[in-house]
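K.L.:
Right, I'll just put the structure down here and ask away after.
Just so it is clear, none of the values below were taken in a lab; they were calculated from the coordinates. Everything numeric in this text was worked out from a predicted model, so none of it was measured. Methodologically, a virtual Cβ is constructed for each residue, glycine included, from the backbone with ideal geometry; neighbour enumeration extends over all protein chains shown.
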Amino acid sequence: MTRFPISRPRRLRLKEHVRDLISDVRLSQDNFILPIFVNDNIRKPIPIDDLEGHNYYPPESPDLTKFLDYALELGVKSFLIFGVPSRKDFYGSEAWSRQGVVQKAIRYIRRELGDSPVIFTDLCLCGYTDHGHCGLPKDIGGSTIIDNDSTLELYGKIAVSHAEAGADFIAPSGMMDGQVKYIRESLDREGFNWVGIMSYSVKFSSSFYGPFRGVMDSSPRHGDRRSYQMDYRNRYEALKEVMMDLEEGADIIMVKPALAYLDIIRMVKEEYPYIPLAAYNVSGEYMMVKVAAKNGVFEESGIIFEVLTSIKRAGADIIISYHAIEAAKILKNMY
Ligand SMILES: [Zn+2]
């Protein structure tokens with residue numbers, strides 16, 4: 001027996017406008033971050049084979065700003081910039097070069113579009129090192145480890161170079177211990193105390209990153225990333241990682257990937273409801289939708305909207321997604 005005479009839930013589902021009226025989880029363009037790939041080896045936009053519907057852009061090209069302008073018009077106002085450098089080396093030194101691909105792109109965007117785009121920059125070494133690891137390999141007694149603390153020094157330099165170029169938020173994705181604290185101190189020391197940090201706090205070692213590694217040519221040449229990314233068999237460790245990042249000064253926290261990790265998103269949001277939480281709807285999740293839709297498995301716009309809504313319903317405030325433009329068009333009834 002219920003206390004209320006609610007016997008016909010269908011009354012509230014009868015009309016579209018009533019369904020709209022009572023829906024309590026709504027997507028908005030305001031909450032999307034669109035990943036952008038700038039590539040120092042090209043002179044015109046080139047489609048990215050591994051990420052259908054996306055392009056590499058030269059860092060200083062009107063094509064780049066034209067595309068961002070288009071996104072802004074659709075209401076997508078935040079961007080996460082990844083760079084493909086012209087050369088790689090052991091230390092990944094292009095990552096903090098003033099003439100690096102990301103630094104050039106940010107300055108160009110600021111010059112052409114001003115203050116309005118919110119620029120997040122991915123901070124890692126894997127796209128810049130010839131070995132493809134997120135940190136510096138070091139031989140210890142015959143085996144190779146990724147050395148945490150020497151890597152942090154490089155992360156600090158990258159963060160400052162991104163801030164100097166005009167980034168709003170630095171997004172460290174390398175999963176080194178203490179990276180948020182080191183980056184925060186590096187930024188503050190150079191006078192960038194207004195530049196924020198969105199930390200990839202809970203980043204699982206995942207097969208869903210497959211397409212992205214092709215995009216960035218960033219697969220490790222030896223070994224894998226399980227010594228620094230999280231083991232997906234662990235649940236509560238996510239709370240430990242988030243707590244540490246918050247204590248180190250993260251402004252926004254993130255769970256990555258999203259779709260197979262909705263339980264983690266929910267748990268983190270319930271534990272830290274007052275901290276903005278981002279979820280990264282990663283390349284493998286995106287391509288599953290693309291490939292299935294192309295094969296007629298389901299209708300594309302419907303599945304995109306359902307996937308993104310589920311991520312928001314789980315508790316994400318911000319959704320980083322390759323579907324951001326498509327979703328914005330759906331929201332504007334243009335898709
Ligand atoms: Zn990395």
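K.L.:
Step by step: first the residues of segment 157-174, then only those that are within 16 Å of the ligand (Cβ to nearest atom) and surrounded by fewer than 24 Cβ atoms within 10 Å (Cβ to Cβ), then the one that is farthest from the chain's Cα centre (by Cα). Which residue is that?
P.N.:
The qualifying residue farthest from the chain's Cα centre (by Cα) is Lys157.
K.L.:
Moving on. Tell me, please, whether a residue that is within 29 Å of Thr144 (Cβ to Cβ), more than 16 Å from the ligand (Cβ to nearest atom) and in contact with a Ser or Thr (Cβ under 9 Å, 6 or more places away or on another chain) can be found in segment 292-314.
P.N.:
No: segment 292-314 contains no residue that is within 29 Å of Thr144 (Cβ to Cβ), more than 16 Å from the ligand (Cβ to nearest atom) and in contact with a Ser or Thr (Cβ under 9 Å, 6 or more places away or on another chain).
K.L.:
Out of the residues in segment 269-280 that are part of a strand (DSSP E or B) and in contact with a helix residue (DSSP H, G or I) (Cβ under 6 Å, 6 or more places away or on another chain), state the one that is surrounded by the most Cβ atoms within 10 Å (Cβ to Cβ).
P.N.:
Among residues in segment 269-280 that are part of a strand (DSSP E or B) and in contact with a helix residue (DSSP H, G or I) (Cβ under 6 Å, 6 or more places away or on another chain), the one surrounded by the most Cβ atoms within 10 Å (Cβ to Cβ) is Ala279.
K.L.:
Another question about this same structure. For segment 26-54, which residues satisfy the criterion of being among the β-branched types (Val, Ile, Thr) and under 18 Å from Ile320 (Cβ atoms)?
P.N.:
Ile33, Ile36, Val38, Ile48
K.L.:
Can we say Glu73 is buried (at least 16 other Cβ atoms within 10 Å of the Cβ) and either under 30 Å from Glu306 (Cβ atoms) or more than 17 Å from the chain's Cα centre (by Cα) (or both)?
P.N.:
no
K.L.:
What residue, among those in segment 195-224 that are in a loop (DSSP other than H, G, I, E, B) and crowded, with 21+ Cβ neighbours inside 10 Å, is farthest from the ligand (Cβ to nearest atom)?
P.N.:
Val195
K.L.:
Additional query: Mind listing whichever residues of segment 293-317 are without any contact (Cβ under 8 Å) to a residue 12 or more places away in the chain and assigned to a loop (DSSP other than H, G, I, E, B)?
P.N.:
Asn295, Gly296, Val297, Phe298, Glu299
K.L.:
Just to verify a result, which residue in segment 124-151, among those that are within 15 Å of the ligand (Cβ to nearest atom) and among the hydrophobic types (A, V, I, L, M, F, W, C), is nearest to Pro211 (Cα to Cα)? Walk me through how you get there before you give the answer.
P.N.:
Taking segment 124-151 first, the residues within 15 Å of the ligand (Cβ to nearest atom) are 124-137, 146-148, 151.
Then drop every residue that is not among the hydrophobic types (A, V, I, L, M, F, W, C), which leaves 124-126, 134, 136, 146.
On the way: Cys124: 17, Leu125: 18, Cys126: 15, Cys134: 17, Leu136: 24, Ile146: 23 Å.
If we take residues in segment 124-151 being within 15 Å of the ligand (Cβ to nearest atom) and among the hydrophobic types (A, V, I, L, M, F, W, C), then Cys126 is nearest to Pro211 (Cα to Cα).
K.L.:
Okay, moving on. For segment 48-58, indicate whether the set of residues that are touching an Asp or Glu at 6+ places or on another chain (Cβ under 7 Å), buried (at least 21 other Cβ atoms within 10 Å of the Cβ) and farther than 30 Å from Asp147 by Cβ is non-empty.
P.N.:
Within segment 48-58, one or more residues are touching an Asp or Glu at 6+ places or on another chain (Cβ under 7 Å), buried (at least 21 other Cβ atoms within 10 Å of the Cβ) and farther than 30 Å from Asp147 by Cβ.
K.L.:
Return the pairs, sorted by first residue and then second, in which the second residue is within 12 Å of the ligand (Cβ to nearest atom) and among the polar types (S, T, N, Q), the first residue lies in segment 203-227 and is within 13 Å of Phe37 (Cα to Cα), the beta carbons are less than 6 Å apart, and the residues are 6+ apart or on different chains.
P.N.:
If the second residue must be within 12 Å of the ligand (Cβ to nearest atom) and among the polar types (S, T, N, Q), the pairs left are Arg213/Ser219.
K.L.:
Can you tell me which residue within segment 318-335, out of those that are of a type outside the set (D, E, K, R) and in a helix (DSSP H, G or I), is surrounded by the most Cβ atoms within 10 Å (Cβ to Cβ)? If you could, list the steps in order and put the result at the bottom.
P.N.:
From segment 318-335, those of a type outside the set (D, E, K, R) are 318-325, 327-328, 330-331, 333-335; that's our starting set.
Subset that is in a helix (DSSP H, G or I): 324-325, 327-328, 330-331.
Details: Ala324: 25, Ile325: 20, Ala327: 29, Ala328: 22, Ile330: 18, Leu331: 17.
Out of the qualifying residues, it is Ala327.
K.L.:
Here is a further query. For segment 225-241, how many residues are basic (Lys, Arg), part of a loop (DSSP other than H, G, I, E, B) and away from the ligand (no atom under 16 Å from the Cβ)?
P.N.:
Adding up the residues that qualify gives 2.
K.L.:
Still on this structure, please answer the following. Filter segment 92-123 down to the residues that are in contact with a strand residue (DSSP E or B) (Cβ under 7 Å, 6 or more places away or on another chain) and within 16 Å of the ligand (Cβ to nearest atom) and list them by number. Before you say what the answer is, go through the steps one by one.
P.N.:
Going residue by residue through segment 92-123, those that are in contact with a strand residue (DSSP E or B) (Cβ under 7 Å, 6 or more places away or on another chain) are 92, 100-102, 105-106, 109, 117-123.
Answer for segment 92-123, where residues must be in contact with a strand residue (DSSP E or B) (Cβ under 7 Å, 6 or more places away or on another chain) and within 16 Å of the ligand (Cβ to nearest atom): Gly92, Gly100, Val101, Val102, Phe120, Thr121, Asp122, Leu123.
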